[in-house]
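Okay, structure first, notes after.
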Amino acid sequence: MATPPWQWSFPPPGQANRQQQSRLKSEMERIAKRATTYFHQENFAEASNLYSEALPLAAQLGDESDIALILLNLSSCFLRLGRFDLAFFGAQEAISVHPTRLKGYDKAGEAALALQSFNQALEFLRDGYLMAVGLGRPLDKEPLTFLLRMAEVIPNVPVGDVEMILHSVQPVQSLRNMLVERLVAEQKWELVHAVFFCGGGGYRPNSGGIVTGCDASMINLGTLLYLYMAPPLQSICDTIRDTIRVLLQHGSGLGGFTLEQGDTPMHALLKVELGKGEDSLPVMTIICESLKTRFIKALQATDAKGNTLLHVVAMADRERQTIQRCALRAIRLLLNAGLDADVRNADGKRADHYARRGSEVFLCLERGSGEGLKSEMERIAACATAYFRQENFVEACNLHTEALQLARQLGDGSDFALILLNRSSCFLRLGRFDLALSDAQEVIGTRPIRLKGYYKAGDASLALQSFNQALEFFRDGYLKAVEIGRPLDNEPLTFLLRMAEVIPKVPVLSDVEMILLPVQPVQSLRTMLVERLVAEQKWELVHIVFFRGGAGYRSNNGGIASGCDASKIDHLAPLLLLYSASPRPLEFIGDTIRALLQHGSGLGSFSLEQGDTPMHALLKVELRKGDDSLPVMTMVCESLKARFIKALQATDAKGNTLLHVVAMADRERQTSQRCALRAIRLLLNAGLDADVCNADGKRAEHCARRGSDIFLCLERGSGEVLKSEMERIAACATEHFRQENFAKACHLYTEALQLARQLGHGSDLALILLNRSSCFLRLGRFDLALSDAQEAIRTRPTRLKGYHKAGDAALEMQLFNQALMFIRDGYLKAVELGRPLDKEPLAFLVRMAEVIPKVLVGDVEMILLPVQPVQSLRTILVERLVTEQKWELVHGVFFRGGGGYKPNSGGIATGCDASMINLAPLLHLYKGAPSPRCVGDTIHDIRNTIHALLKHGSELGRFSLEQGDTPMHALLKVELGKGEDSLPVMTMVCESLRSRFTNALKATDAKGNTLLHVVVMADRERQTRKNCALRAIRLLLDAGLDADISNADGKRAEHYARRGTDLFVCLKRGRGEGMHHHHDSGLIARYT
């Protein structure tokens, strides 16, 4: 069979009356019955042919139940014939036709299994289960059956896929109980394991299966325990063991399991586990630890001879039926569970009487839980420590390894961790850093509160040059020390110091920030850290803890010491001397000085010459360096002026103020002129008086070179000469710009910029930068224009023209994402400044709308996420774009991201009020009239724009095609003329917006024609397609239009329809019959 029957071409049904329908149905049933007979006779080929004949008859009748039944029978035939692909497609089609017929999901799953599409099979069975539950079927029927089928498929599907597919499968507890009981009763142990451990159940990944949480208290494990005793294959032993443990956890009992006459089930289980010789004793361990309360009586019970479980272990060890470590583990478990080693059996003997005298088991039973092992372990560990002190690290390592084996048997976490740490120290001395790290990590996992483990792990990682890992270990140690309440000046401080040492070695700064994000020390601890580092003069580390990530701050915003109180640190003299030592000191020194000053530190007793104050000495250092920015003095004079005002105004031993110092340095050529001018401006702005005289009766200007800029600045005040010169040059540049001499204007603006930078007036600097940016734009140097605009934004963020210029330059460079970001930032700043909404905010939104079409949708959504205009501004934006007939931009602001909405849910104009907008021009464009304004417009975008505007309250306006039309009549004619079955605009008007447009829908044109008349006339004159006309009739009848209304000629709509057509029948008999025929036609179309 080349193609499935549901892809055959069938003749469409005619207008069948009831008699014809009855005849078709009886014929279909006759063929289907014959097919079923052949199926029972296992003649599947003939049965499939007959079912294929019955299928088109069922399709013509339109009974979905019959179609689904025949499709499922066909699927069964194909399964028997080995045509699994056709069986699968048939079951899928049955599900789509009749989703509540559960057999479809079963067949689809069976076919997918045969095709080895295990994931798909599991999905169909899951959907069948969910449908059965949704339909309220009895839990012990279809829901249970589907769960059983799922259990059979789960072992064939990867665990991760199982978790994803079965995430929605969350059976109630009673159904989980039934599933487990059925599988246990049928002894399908592999499936029991699967439903407990393979995903689903609404749990987190790897946390359980579809029956996790069931009640297994009615289940008897006897049969499974016999299988555990002697599994058919060693490879499935782990599966059986895990199944036993999970059933015990869910309430199951041991049942009547026994090995020898007189055994209790617990005695028999212990013998099995001892016989396997596994140190872990997995089942007994869970009973003695997690389930001790429930099994305490069973653990303390004796067998027919009065032997306790301790007697069983001792006898098994004596008769060599288990290994010694396994026996010791069992003894420890049982003693910890509360068993008494002094209980005697029927022969009057304790358990230790059956043990080999002098053996570990004997000593353990004689002295209690682990005393013999513990004393031996302590002896060996003491010897190892002695060898370590003698620097015999190899022998110490060997002895620690022996002690570890005993510690593992004892299970004492504290001793175990201590010995591991000691062995880790040996490995570090021997250069085996990988083994040292492994031991330290095991300590952390075994005993997280033993903080030395984090130190050792960090040391080993450093030796291996795994710097990121080392930092993570020290961080974890710090967090654990804080969590367990250690004194801040002990372990927490030590870990912070170790972190400070490692941070410079981590190659990527962002890694430091990510690793140290949770490290947020309290202020007192930050202060202790900085004081310790300053006292030890570890200046590089001081810089690190202030500037390299962590402390819970945003990226690049501080370090683990940011926010400390450095007010008690008053001995910066060594650092300041280091700062002055070289013309170009290490960059970190200046930053460190500034950070400490910001956090409250003083200058101390720093001095360069006798009689200097610390401030005079600092100023001399900065002037000699010739750095125009004077970084430390700038911060002192601006940010910290209130704290240092007295120090700034103080004089040295000769009565010289700081202004005198600057003037003398300039006169003696000990600094650059720009640096001196900058210093003068800073000091005058800080409030220093240029009229103060020194001990010789001279003002600062007397110490300057007469006629120099320094002299004039001191004589006339801060920056007046520079400012007037800057304004003169800028005026000349502006004149050249107006004359379109952009090169000359650009050169002059560059000169004015140098003066503005010296003055430090942000407003003037930003204005000149923007003017030069305009010159660069005219000269085609878009990269320089962008650079100037960006600098203007940084200098003066409130000057909004900078965002416009940056956006223009980025657009010219085709950096559309960047352009959109600049314009967005400008909008946000304009709103923040409270500018009138119809001014700058609107201008920025219009610019955004122009850029949006050039940016990828996903990027638009991310960039415009914070743009959430108020409704009035959205409304102004849309009205402006509609007035200018920029339809592509209207589409962009409704559908291209932003607006604080979720992705794909709207644009920056979504939520506006479009009630004042007239859609007539756009509707003319929709009809097909050319429009030079709508570049690249498509019918899809235009229609979506109409949709959006209508949803937001817009009206149709005075749209008309012929004289006498209402706007709704004209719109309907346009949609019918396009011949689209969906009638997208009319559908929205008649359904979503019906209440608003109900009067317009029921209105008549100048000739009294309703919208129904328009549809029928268009169909009669072949101006639309049949399906489109039928869709329009259904929409209008659903919207409440009356088919009995006559026009001015006294004719109803049906009078204009071609008699006998579906349109005529639909209008004649009402909405119901027309819909029935339309549904039948659509159903047949699915099989053609």
Q: Rounded to whole Hz and in sequence order, give me ³J(HN,Hα) for segment 653-664 from the Karplus expression 6.51 cos²θ - 1.76 cosθ + 1.60, θ = phi - 60°, writing x for Gly and Pro.
A: 5, 9, x, 6, 7, 5, 5, 4, 4, 5, 4, 5
Q) Whole-Hz Karplus ³J(HN,Hα) for segment 426-433, in order, using 6.51 cos²θ - 1.76 cosθ + 1.60 and θ = phi - 60°, x for Gly and Pro? A) 4, 4, 4, 5, 8, x, 8, 5
(Q) What does the extension gain come out to for ASP63 and ARG408, with contour length at 0.36 nm per residue minus their alpha carbon separation? (A) 117.0 nm
**Q.** Value at 222 nm in deg cm²/dmol, rounded to 500, when DSSP H runs of n ≥ 4 in the chain each add -39,500 (n - 2.57)
**A.** -19500 deg cm²/dmol
Q: For ASP347 and ASP1044, compute 0.36 nm times the residue count separating them, minus their Cα-Cα distance, and round to one decimal in nm.
A: 240.1 nm
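If you take the square roots of the eigenvalues of the alpha-carbon gyration tensor of segment 612-717 and sort them as a ≥ b ≥ c, do you get rounded (a/c under 1.5), prolate (a/b over b/c) or oblate? Before the final figure, lay out the partial values.
Working: a/c = 1.41, a/b = 1.13, b/c = 1.25.
Rounded shape, in that the Cα axes give a/c under 1.5.
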Q: Go through (1) 44.4, 130; (2) 71.8, 239; (3) 39.8, 138 and flag the label whose value is the computed Rg and Dmax of the Cα atoms in Å for this structure.
A: (1)
(Q) Going by Cα centres, segment 760-793 and segment 621-655 are how many Å apart? (A) 32 Å
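Decide, for segment 719-798, between rounded, prolate and oblate: order the square roots of the alpha carbon gyration tensor eigenvalues as a ≥ b ≥ c, take rounded if a/c falls under 1.5, and otherwise choose prolate if a/b is larger than b/c, else oblate.
On the way: a/c = 2.37, a/b = 1.18, b/c = 2.01.
Oblate shape, in that a/c is at least 1.5 and b/c is the bigger or equal ratio.
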Q: Between GLU376 and GLN465, take the C-beta separation as r, use R0 = 45 Å, and let me know the FRET efficiency to the nearest 0.05.
A: 0.70
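Pull out the extension gain between THR100 and GLN537, defined as 0.36 nm times the separation in residues minus the alpha carbon to alpha carbon distance; nm, one decimal. Working shown, then result.
Values: separation 437, 0.36 × 437 = 157.32 nm, distance 7.94 nm.
In short, 149.4 nm is gained.
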Q | Relative packing of peptides 148-156, 607-615 - highest average C-beta neighbours within 10 Å first | A | 148-156, 607-615
Q. Taking every pair of alpha-carbon atoms in segment 791-904, what share in percent sits in each 5 Å bin, from 0 to the bin with the longest distance?
A. 2, 13, 24, 25, 22, 11, 3, 0
**Q.** Cα gyration tensor, segment 258-367 - rounded (a/c under 1.5), prolate or oblate
**A.** rounded
Q) Applying the Karplus parametrisation 6.51 cos²θ - 1.76 cosθ + 1.60 with θ = phi - 60° to the phi angles of segment 304-310, what ³J(HN,Hα) value in whole Hz is obtained for each residue in order, glycine and proline being reported as x? A) 4, 9, x, 6, 7, 5, 5
(Q) I want to check the label-to-label distance for GLU832 and LEU577. Put each point 7 Å from Cα in the C-beta direction and report it in nm to one decimal. (A) 4.5 nm
Q | Residues of segment 804-818 with amide N under 12 Å of the 7 Å Cα→Cβ point at LYS854 | A | 807-818
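Each value in this text was obtained by applying a stated rule to the coordinates, not by laboratory testing. All figures in this text were calculated on a predicted structure; none of them were measured in a lab. As a convention, Cβ positions derive from the backbone with ideal geometry for all residues, glycine included, and neighbour counts pool all protein chains shown.
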